[in-house]
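Quick one: the structure is below, and I'll ask about it shortly.
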Amino acid sequence: MRKHKDLGQVNIAKERIKLLFSEAKKNAAKHPARANRYIFLARKLAMRYNLRMSSEQRREYCHKCYHYLLPGKNCTVRTNSKTKCVEYLCADCKHINRYGYGNKN
Ligand SMILES: [Zn+2]
């Protein structure tokens, strides 16, 4: 019988996710398709090991089409003082990704 959660494996997965995000960042400007692929792989790993992405990681991609978001390229960042949100408008699918600020717990 396999153990439910192998901590060694989980740590390796976490490291790989970190790596995939940094690779995505490096490639986003010149090879957006590659960056999107890295995000796809990172999400798959996170799902398989039931890992939560860090808040920074979650802000780096669109939650609808899962494309890597590069401000000034395929994404517009603006703040909405009314809703106290930072809005990331994805240029690929027009989805607005909102992340609250000011209500940190
Ligand atoms: Zn999108």
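We did not get these values from a lab; they are worked out from the coordinates using the rules stated. Just so it is clear, the structure is predicted and the values come from calculations on it, not from any experiment. Heads up, the Cβs are rebuilt from the backbone with ideal geometry, glycines too, and the neighbour counts pull from every protein chain shown.
For the pairs Lys44/Lys82; Lys5/Lys84; Lys5/Lys30; Lys26/Lys94; Lys5/Lys73; Lys25/Lys64, flag any whose C-alpha to C-alpha distance is greater than 30 Å.
In this structure, Lys44/Lys82; Lys5/Lys84; Lys5/Lys30; Lys5/Lys73 exceed 30 Å between Cα atoms.
Amide H to amide H, which residues 5 or more places from His95 or on other chains are under 5 Å from it, using H placed in the peptide plane?
When sequence neighbours closer than 5 places are left aside, the close amide H contacts are Cys90.
Now for a different question. Debye sum, Cα scatterers, the chain, no solvent: what log₁₀ I/I(0) at q = 0.10, 0.13, 0.18 1/Å?
For the requested q values the scattering log ratios are -0.32, -0.52, -0.88.
Which are the unpartnered cysteines of the chain, meaning those with no other cysteine Cβ under 4.7 Å from their Cβ?
Cys75, Cys85
Which longest uninterrupted range of the chain lacks any trypsin sites (Lys or Arg not before Pro) assigned by DSSP to a loop state (not H, G, I, E or B) and surrounded by at most 15 other Cβ atoms within 10 Å?
6-29
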